[in-house]
Amino acid sequence: MQRWIAVGLWLVSTSAGAQAAGAYAKRGDEVVAQVRERFYDAKKGVEWARSHQGYGAAAKSEEDFERLTNEALADLKASHTAYYPRESQGFVALSSIFRPFLKLKEVEYVSMGVDVVERPEGFFVRHVFPGGPADTAGLKRGDRIVSVEGKPFHPVRSLKDRTGKPTQVTVERAKGARPLTVTVTPRRVDPKAEWLEVQEKSSRILERGGKRVAYQYVYSCAGSEHQEALAEYILGKGQEADALVVDLRDGWGGCNVDFLNLFNTRLPVLTSVARDGKQVVSVGSWVKPVVLLVNGGSRSGKELVAFAMKQREMAKLVGERTAGAALAGTPLRLSNGDLFYLAVMDVTIDGTRLEGVGVTPDVEVPEALPYAAGKDPQLEKALEVAAAAKPPPGPAEGLK
């Protein structure tokens, strides 16, 4: 009797395994078909599809399929091309950015208000969102997240059921130091709404070298609301400053080339004079020194803007070479609901192709992220360069 039970269990297990393998094979075939039919380089797409046909059948788990798929896609050597399972940061972000295109009613995720990056040593806090749960709890740039509620950290799964619940987050602030635990209360939020809030709350004016420097962090440029928020700040409160730093590091691209109009010094200056002789000077763009802060996470539309402003001497670039990720991609929903992001068009700017090349900053500053204890040498250098810069030439030159 025991023998027959064992054989029966083996048959069930084998059957389930075969079904899973078949599902991975089918999903892999979907990826192959999309590359063959839609990849921006038609010849390369066909060749890749031929050599990778059937790759999905080798997967034994969801994690295995994700790894095999992204390893295969890496052979295309193209940006805007990756597989994002549902429990990934990329899936959440792309779903929010392309919500109308994907016909989604709403997109929300559980956030503790940080941008994290995975390094060989683990996950590090790259940006703490101003006013967010992590900021309130005291997390700092450079903290290594060790665990959440005593379990290894995952950017999505660790917070899945923690909305509104005080959550124990253990971090290592200095390498080799004893970890410390803080209490964070995650919130449920739409990513795009969170990014816009981050942008608005990051705005501040800082003193450097006797000058006042305005600052704003543009985490995402995907959508006109982000450009409008920057315009509102630099043409309003930001006018009290002598120079400006726009932080384009990391996050998501999406900037359109009309972004440059915010810094067009050739626009006319309007002066209104009242009966009492009081004058009000109005400008339609920022006409003072500009520094763009960039790094290897500045990608897509952010790179195009950085390149164009550098070429036209509209801004100084500080930081590190940008990502060299300048193709145009589209999200494709697979049969199981996961997203496949695929490059479908090549892009050049002023005849220059940035894909695989990126944009070199005028002033290079290493990132120095792990165990930074809140310090940000790239930002400090950007503020210094902005404070020392001379106003760009144009009809508004000399305005105060």
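Reported count of residues in the range 53-94, each being β-branched (Val, Ile, Thr), part of a helix (DSSP H, G or I) and touching a Gly at 6+ places or on another chain (Cβ under 9 Å), is 1.
Scanning the range 150-203 for residues that are within 30 Å of Ile234 (Cβ to Cβ) and free of Cβ contacts under 8 Å to residues at least 24 places away in the same chain yields one hit, Ala193. Determine whether Ala74 is within 23 Å of Ala326 (Cβ to Cβ), under 20 Å from the mean Cα position of the chain (by Cα) and not assigned by TED's automatic domain parsing to the domain that holds Ala222. So Ala74 passes the test. Just name the residue that is modelled with the highest pLDDT out of those in the range 272-287 that are of a type in the set (Ser, Thr, Tyr) and surrounded by 10 or more Cβ atoms within 10 Å (Cβ to Cβ). Only one residue tops the list, namely Ser285. For Glu118, the conditions (1) closer than 21 Å to Leu369 by Cβ; (2) in contact (Cβ under 8 Å) with a residue 12 or more places away in the chain; (3) part of a strand (DSSP E or B) all hold with the exception of (2). Within the range 344-365, residues that are among the hydroxyl-bearing types (Ser, Thr, Tyr) reach partners that are part of a loop (DSSP other than H, G, I, E, B) with beta carbons closer than 8 Å, at six or more positions or on different chains, in the pairs Thr348/Leu354; Thr360/Arg321.
Can you list the strands (runs of 3 or more DSSP E) found entirely within the range 262-375 that contain at least 1 residues being under 30 Å from Arg67 (Cα atoms) and not assigned by TED's automatic domain parsing to the domain that holds Gly142? Strands (runs of 3 or more DSSP E) meeting the threshold: 290-294, 328-333, 339-345. Every listed requirement among (1) in a loop (DSSP other than H, G, I, E, B); (2) charged (D, E, K, R); (3) surrounded by fewer than 23 Cβ atoms within 10 Å (Cβ to Cβ) is met by Asp258 save one, (1). Within the range 220-272, the only residue that satisfies the criterion of being β-branched (Val, Ile, Thr) and under 24 Å from Ser95 (Cα atoms) is Val257. Residues to consider are Arg249, Arg321; find the one that is free of Cβ contacts under 8 Å to residues at least 60 places away in the same chain, of a type in the set (D, E, K, R) and within 21 Å of Val365 (Cβ to Cβ). Being free of Cβ contacts under 8 Å to residues at least 60 places away in the same chain, of a type in the set (D, E, K, R) and within 21 Å of Val365 (Cβ to Cβ) holds for just one of Arg249, Arg321, which is Arg321. Among the candidates Leu339, Leu354, Leu334, Leu317, the residue that is of a type outside the set (Asp, Glu), farther than 25 Å from Gln239 by Cα and in contact with a Pro (Cβ under 7 Å, 6 or more places away or on another chain) is uniquely Leu339. Of the residues making up the range 142-156, those that are buried (at least 20 other Cβ atoms within 10 Å of the Cβ) and either aromatic (Phe, Trp, Tyr) or farther than 16 Å from Gln89 by Cβ (or both) are Gly142, Asp143, Arg144, Phe153. Residue count for the range 376-394 under the criterion of being surrounded by 14 or more Cβ atoms within 10 Å (Cβ to Cβ) and in a loop (DSSP other than H, G, I, E, B): the result is 5.
The values are calculated or read from the model by the stated rules, or taken from the named source; none is laboratory data. As the structure is a prediction and not an experimental result, all values here were calculated from the model. Cβ: placed from backbone, ideal geometry, glycine included. Neighbour counts: every protein chain shown.
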